[in-house]
Amino acid sequence: MTTPFVDFKNVWLAYNDELLQQGHFAVEDISLQVNEGEFIAIVGPSGCGKSTFMKLTTGLKMPSKGSIMIGGQPVTGPLKISGMAFQAPSLLPWRTTVDNVLLPLEIVEPYRSTFKSRRKEYEARARTLLQSVGLGGYEDKYPWQLSGGMQQRASICRALVHEPKMLLLDEPFGALDAFTREELWCALRDLHAAQKFNVILVTHDLRESVFLADTVYCMSRSPGRFVVRRDIDLPRPRDLEVTYTPQFTDIVHELRGHIGAMRKTGVAVPQ
């Protein structure tokens, strides 16, 4: 058995000591093992603890109980081996697209100390990354000159430019129209296939989770816990046509049934 890249063992989190003493947890008894290079998606009702799980994974929050290992090392603080992208791209308006993408290399070691001397090399890396997601020709534009979908592509490039081992995505495509969203699914699919980094995607979009992920986890209502694990046995590479097949639709309906039951009862449905 290989060592999991992400390993949660009986993790509980209360946001402060008072809530801990009262036994009020944001997430409870989470155990999860994710192999190297695996793409997982987490879905569930609003407020179930999906974003809290992300904070635990990145080391922004420490568990009240249990242990977390990432890459074979215990998580004791913010991770440098991860990149994050959110629903809002949050590009700096006074910087060009390529300069926005370069930002992590300017502020995160070990790149920060060599940024000036290796800027040309790092900039070439950023431009190549932007070209790979269809932003060739837009590298020197400012954010206000880009569409929402283009800004989100740049945001994902910024999260990947320091070549992290893990990419965490918190509702990254939620604010986009359906066509742009599907274009970005394909861009992310291709990046993951090429670079084999781990991905943890938090989303409300069940079609998105089934199209992109190797495994989908459903979280219960708060306090959040994983109550359904669904392996997505659709062959890769996947193209958008698969989303119209009965096999794909059946998986989406199955997950929707689990979440619908949890929204009504707050408990898991039998599997």
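Coordinate-derived values only; no laboratory data. These numbers come from a predicted model, not from an experiment. Cβ placement follows ideal geometry from the backbone for every residue including glycine, while neighbour counts extend to all protein chains displayed.
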Quiz item: Listing H253, H258 from the residue with the fewest other Cβ atoms within 10 Å to the one with the most, what is the order?
Solution: H253, H258
Practice problem: Scan (1) 1.03; (2) 0.97; (3) 1.19 for the value of Cα Rg over 2.2 N^0.38 Å calculated from this model and give just the label. | Solution: (1)
Exercise. Would you look at the GNM of the chain, springs on alpha carbons closer than 10 Å, and say which of A175, A41, A126 moves the most?
Key: A175
Exercise. Rounded to the nearest 10 degrees, what's the angle between the helix 178-195 long axis and the longest principal axis of the chain, both from Cα atoms, 0 to 90?
Key: 80 degrees
Practice problem: May I ask you to order 211-224, 140-153 by the average number of other C-beta atoms within 10 Å around their residues, highest value first? | Solution: 211-224, 140-153
Quiz prompt | Ordering of 5-11, 189-195 by packing [mean C-beta count within 10 Å, highest first] | solution = 5-11, 189-195
Self-check item: Listed residue (F173, T128, M69) projecting farthest to the positive dipole end of the chain, Cβ model
Solution: M69
Practice problem: Treating only the Cβ atoms of Lys and Arg (+1) and Asp and Glu (-1) as charged, compute the dipole magnitude of the stretch 89-159 about its Cα centre; round to the nearest 20 debye. | Solution: 100 debye
Self-check item: Mean separation of Cα contacts under 8 Å, 6 or more apart, over the residue count of the chain: relative contact order %
Solution: 24 percent
Quiz prompt | Within the stretch 107-200: Cβ-based charge dipole about Cα centre, in debye rounded to nearest 20 (Lys, Arg +1; Asp, Glu -1) | solution = 480 debye
Quiz prompt | Spin-label zone in the stretch 148-168 - amide nitrogen under 13 Å from a point set 7 Å from the Cα of E36 along the C-beta vector | solution = 165-166
Self-check item: Simple Cβ-charge dipole of the chain, Lys/Arg +1 and Asp/Glu -1, about Cα centre, in debye nearest 20
Solution: 480 debye
Self-check item: Burial order of peptide ranges 230-242, 83-95 (average beta-carbon count within 10 Å, highest first)
Solution: 83-95, 230-242
Exercise. May I ask for the distance between the Cα centers of the stretch 191-253 and the stretch 102-123, given as a whole number of Å?
Key: 34 Å
Exercise. Calculate how steeply helix 246-265 sits against the longest principal axis of the alpha-carbon atoms of the chain, using the helix alpha-carbon long axis, and give the answer as 0 to 90 degrees to the nearest 10.
Key: 60 degrees
